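Engineer: Encoded as structure tokens, here's the structure I'll be asking about.
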Amino acid sequence: MNSIKNNEILKTSITPDGILRLILSNPDNQNVLSEEMMSNMQSALDESISTKRIRVIIISAEGPIFSAGHDLKELTRKRQDSDKGKSYYQKIMKKCSKLMQSIVNNPKPVIAEINGVATAAGCQLIASCDLAYASNLSKFATPGVNIGLFCSTPMVAVSRNISNKHSMEMLLGGDLITAEKAEKIGLINKSIDKAILKEETLKMALKISKKSALTLKIGKEAFYKQMNMNLFDAYNYASNVMVENMLKLDAKEGIEAFIAKRKPTWQDK
């Protein structure tokens, strides 16, 4: 059974191959990352870590808007508080930052499947995923500058995916960009025809799910850790990771299988 629960705004499903799909299901409210939505996603991601049969996670959405980012109506209501909403805003930004880091730190690969418009924190969500595939009709923006609220937290994820110039163009201009451009600048992996988006995303997820889960965990953690190191430290760190990886049972099995020209049998050890 699916132990990760469905709810009104976040649907979940797990395939027999261990693909967990998290579906933003609040299209009437543009799939905003409200406090409730972020709490639901956080719970699902946390539980996925200890659920061994989950091997890959796909985040998708219902409706024409993948996610419009934070719930501005929810935030605006808090201006009536005695502190003009400051404590609530701090809470929400902390919650959002934790969610994005949970995607990066999750040992399972996380894939964004976008079929629609992703803006602000919705764009941040995509940039936080390990891989991202979008329909050719999808569009992306960090438009906070247009309403006097610079997309500072989305900037963290976006700027770690694309170059400084492209990041600043999105952040300062605030305009929607096409899936084709998003692919060119590296925000997404590939722009795909809408009719086969789900099929192509699942194909990649299934390919990854057949790998050793331990190897994927080791590699994903190492990838993000070395990114902010200088070249010397990165090579020292990665070398140590390779040595420890080499001593794992799955590495022994994988290498022996490659030499013998047979399929490996992973034990995730």
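The values are calculated or read from the model by the stated rules, or taken from the named source; none is laboratory data. Everything numeric in this text was worked out from a predicted model, so none of it was measured. Every residue, glycine among them, receives a Cβ derived from its backbone with ideal geometry; neighbour counts consider all protein chains shown.
Engineer: Only residues that are within 16 Å of the chain's Cα centre (by Cα) and surrounded by 16 or more Cβ atoms within 10 Å (Cβ to Cβ): list them for region 184-197, please.
Structural biologist: As a first pass, look at region 184-197 and keep what is within 16 Å of the chain's Cα centre (by Cα): 186-190.
Leu187, Ile188, Asn189, Lys190, listed by residue number.
Engineer: Moving on. From Asp250, Asp233, grab the single residue that is crowded, with 17+ Cβ neighbours inside 10 Å, of a type in the set (D, E, K, R) and either outside the structural domain of Phe66 (by TED's automatic domain parsing) or assigned to a helix (DSSP H, G or I) (or both).
Structural biologist: Values: Asp233 fails: crowded, with 17+ Cβ neighbours inside 10 Å.
When all the criteria are applied, what remains is Asp250.
Engineer: Of all the residues that make up region 219-230, how many are surrounded by 11 or more Cβ atoms within 10 Å (Cβ to Cβ) and either aliphatic (A, V, I, L, M) or not in a helix (DSSP H, G or I) (or both)? Even if it seems obvious, please write down each step before you answer.
Structural biologist: Quick first cut of region 219-230, residues surrounded by 11 or more Cβ atoms within 10 Å (Cβ to Cβ) only: 219-226, 229.
Subset that is either aliphatic (A, V, I, L, M) or not in a helix (DSSP H, G or I) (or both): 222, 229.
The total comes to 2.
Engineer: Another question, if that's okay. Which of the residues that make up region 147-164 are assigned to a helix (DSSP H, G or I) and of a type in the set (Val, Ile, Thr)?
Structural biologist: Going residue by residue through region 147-164, those that are assigned to a helix (DSSP H, G or I) are 147, 152-158, 164.
Correct list: Ile147, Thr153, Val156, Val158.
Engineer: Follow-up. Evaluate region 1-23: report whether one residue or more is part of a loop (DSSP other than H, G, I, E, B), crowded, with 19+ Cβ neighbours inside 10 Å, at pLDDT 95 or above and in contact with a Gly (Cβ under 9 Å, 6 or more places away or on another chain).
Structural biologist: No: region 1-23 contains no residue that is part of a loop (DSSP other than H, G, I, E, B), crowded, with 19+ Cβ neighbours inside 10 Å, at pLDDT 95 or above and in contact with a Gly (Cβ under 9 Å, 6 or more places away or on another chain).
Engineer: If you don't mind, there's one more thing I want to ask. If I filter region 82-96 for residues that are without any contact (Cβ under 8 Å) to a residue 60 or more places away in the chain and closer than 30 Å to Lys194 by Cβ, do I get at least one hit?
Structural biologist: If we filter region 82-96 for residues that are without any contact (Cβ under 8 Å) to a residue 60 or more places away in the chain, which is where we start, we get 82-92, 94.
Pick out the ones that are also closer than 30 Å to Lys194 by Cβ and you get none.
No; the residues of region 82-96 include none that is without any contact (Cβ under 8 Å) to a residue 60 or more places away in the chain and closer than 30 Å to Lys194 by Cβ.
Engineer: Among Leu172, Leu216, which is buried (at least 19 other Cβ atoms within 10 Å of the Cβ), out of contact with any Ser or Thr (no Cβ under 7 Å at 6 or more places or on another chain) and not β-branched (Val, Ile, Thr)? First the steps, then the outcome.
Structural biologist: Working: Leu172 fails: buried (at least 19 other Cβ atoms within 10 Å of the Cβ).
Exactly one of Leu172, Leu216 is buried (at least 19 other Cβ atoms within 10 Å of the Cβ), out of contact with any Ser or Thr (no Cβ under 7 Å at 6 or more places or on another chain) and not β-branched (Val, Ile, Thr), namely Leu216.
Engineer: Further question on the same structure: Sort through Lys78, Lys91, Lys108 and tell me the only one that's assigned by TED's automatic domain parsing to the domain that holds Leu24, part of a loop (DSSP other than H, G, I, E, B) and among the charged types (D, E, K, R). Don't jump to the end; show me each part of the working.
Structural biologist: Details: Lys78 fails: part of a loop (DSSP other than H, G, I, E, B); Lys91 fails: part of a loop (DSSP other than H, G, I, E, B).
Being assigned by TED's automatic domain parsing to the domain that holds Leu24, part of a loop (DSSP other than H, G, I, E, B) and among the charged types (D, E, K, R) holds for just one of Lys78, Lys91, Lys108, which is Lys108.
Engineer: Within region 33-75, how many residues are among the aliphatic types (A, V, I, L, M), over 18 Å from the mean Cα position of the chain (by Cα) and not in a helix (DSSP H, G or I)? Spell out the reasoning first.
Structural biologist: Step one: filter region 33-75 for residues among the aliphatic types (A, V, I, L, M), giving 33, 37-38, 41, 44-45, 49, 54, 56-59, 61, 65, 68, 72, 75.
Still in the list and also over 18 Å from the mean Cα position of the chain (by Cα): 72, 75.
Next cut, not in a helix (DSSP H, G or I) only: none.
The number of residues fulfilling the criteria is 0.
Engineer: Please work out if Glu256 is assigned to a helix (DSSP H, G or I), without any contact (Cβ under 8 Å) to a residue 60 or more places away in the chain and in the same structural domain as Ile54 (by TED's automatic domain parsing).
Structural biologist: Numbers: assigned to a helix (DSSP H, G or I): yes; without any contact (Cβ under 8 Å) to a residue 60 or more places away in the chain: yes; in the same structural domain as Ile54 (by TED's automatic domain parsing): no.
The answer is no for Glu256.
Engineer: Of the numbered conditions (1) in contact (Cβ under 8 Å) with a residue 60 or more places away in the chain; (2) outside the structural domain of Ile147 (by TED's automatic domain parsing), Lys5 satisfies every one except a single condition; which is it?
Structural biologist: Result: Lys5 fails condition (1) only.
Engineer: Also: Please determine whether any residue of region 178-191 is over 27 Å from Arg55 (Cα atoms) and assigned to a strand (DSSP E or B).
Structural biologist: yes
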